[in-house]
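Please read the structure below before turning to the comments.
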Amino acid sequence: MPSMEEVYKSHSKAVYRYILSLTHNEELAEELTQETFYQAIKSIDTFDGSCKITTWLCSIAKNQLYSYYRKHP
């Protein structure tokens, strides 16, 4: 498993673009990208390798976006 720094460098732009495509808000996409990687670090032990790491990260990002929308209707 690569380090989280390597994962961030390799996948942060893809996660950012994914969130940006959903929100059309650069500032929010940047904030949620950071939150996504924070949550990924906290739950890295749950990643079992059954999917690509990008898929796992985008799933976390989607959950972060839903959480944001619940708090900011």
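The values are calculated or read from the model by the stated rules, or taken from the named source; none is laboratory data. Every value quoted in this text rests on a predicted model; they were computed, and no experiment measured them. Here the Cβ is made from the backbone with ideal geometry for all residues, glycine too, and neighbour counts use every protein chain on show. The area values use the complete protein model at the heavy-atom level, side chains included, leaving out ligands, DNA and RNA. Shrake-Rupley method; radii C 1.70, N 1.55, O 1.52, S 1.80 Å.
Summary of computed values
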item	result
Residue in the range 32-46 that is nearest to the chain's Cα centre (by Cα), counting only those that are touching a residue at least 24 places away in the same chain (Cβ under 8 Å) and either under 14 Å from Leu65 (Cβ atoms) or open to solvent by less than 30 Å² (accessible area, probe 1.4 Å) (or both)	Thr36
Extreme residue, modelled with the lowest pLDDT, among residues of the range 3-21 that are surrounded by 14 or more Cβ atoms within 10 Å (Cβ to Cβ) and of a type outside the set (Gly, Ala, Ser)	Val7
Residue list for the range 43-54, filter: more than 11 Å from Val15 (Cβ to Cβ) and part of a helix (DSSP H, G or I)	Ile44, Asp45, Thr46
